Amino acid sequence: MARVNDLLRVKGGHVFSIGVSAKALDAAILMNEHKIGSLVVLEEGRVVGMFTERDVLHRIVAERRDPTSTFVKDVMTRDVVFCSAETTVDEARSAMKNRRVRHLPVLDDADHLLGLISIGDLNAHQTTTQEQTIHQMHEYIYGRT
């Protein structure tokens, strides 16, 4: 059974993050520059929240806040769902579905950030696995070509 660790080996452990005292506009610009949907919010090296596209829409735009004067800590998602490197891919997918999130920070036993997986990472893994299965079945049925 595939684990989150397997996805991180392929993807790498680089995570875009921002501090709690950053302005929301700076966070949104960073997300746009890197074409990403979320940032991990760190305080003293610890994960304390997520800043996502939904946060921009619901907590800034819909509430008519000024992004140039709004701090990330005031609009971030505080209830962070996370997983470990040993979490299975199926468990990660289930957590995302049940909690309605698209990103999971991956933490070690000491709560240090190891990486971040997205629903896109899970979908890419599933597609690759299915393509490999189809290829193997084709070889089994028709022989190697």
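Any chance the stretch 12-26 includes a residue that's closer than 29 Å to GLN126 by Cα, open to solvent by 40 Å² or more (accessible area, probe 1.4 Å) and at pLDDT below 95?
yes
Just to be sure, is ASP109 under 18 Å from GLY37 (Cβ atoms), at pLDDT below 95 and in a loop (DSSP other than H, G, I, E, B)?
Taking the combined requirement at face value, the residue does not satisfy it.
Residues that are more than 15 Å from LEU116 (Cβ to Cβ): find the helices (runs of 4 or more DSSP H) completely inside the stretch 1-98 holding 3 or more of those.
Here the list reads 24-34, 72-75.
Being modelled with pLDDT of 95 or more, open to solvent by 80 Å² or more (accessible area, probe 1.4 Å) and under 22 Å from LEU107 (Cα atoms), is that true of even one residue in the stretch 68-77?
Within the stretch 68-77 (the criterion being modelled with pLDDT of 95 or more, open to solvent by 80 Å² or more (accessible area, probe 1.4 Å) and under 22 Å from LEU107 (Cα atoms)), the answer is yes, since at least one residue qualifies.
Of (1) among the aliphatic types (A, V, I, L, M); (2) open to solvent by 60 Å² or more (accessible area, probe 1.4 Å); (3) over 14 Å from the mean Cα position of the chain (by Cα), ALA110 satisfies all except one. Which?
(2)
Just checking, which of VAL101, VAL89 is open to solvent by 30 Å² or more (accessible area, probe 1.4 Å) and among the β-branched types (Val, Ile, Thr)?
Just one listed residue meets the conditions, VAL101.
Kindly indicate whether any position in the stretch 114-121 is without any contact (Cβ under 8 Å) to a residue 60 or more places away in the chain and in a helix (DSSP H, G or I).
yes
Output the number of the condition that ILE29 fails; it satisfies all remaining conditions of (1) under 13 Å from ILE18 (Cβ atoms); (2) surrounded by 17 or more Cβ atoms within 10 Å (Cβ to Cβ).
Tallying (1) under 13 Å from ILE18 (Cβ atoms); (2) surrounded by 17 or more Cβ atoms within 10 Å (Cβ to Cβ), ILE29 fails exactly one: (2).
The values are calculated or read from the model by the stated rules, or taken from the named source; none is laboratory data. Everything quoted here is computed from the prediction, not taken from an experiment. Ideal geometry is used to build each Cβ from the backbone, glycine not excepted, and the neighbour counts take in all protein chains shown. Ligands, DNA and RNA are stripped out before the accessible areas are found, and what is left, the full protein with its side chains, is counted by its heavy atoms. Shrake-Rupley method; radii C 1.70, N 1.55, O 1.52, S 1.80 Å.
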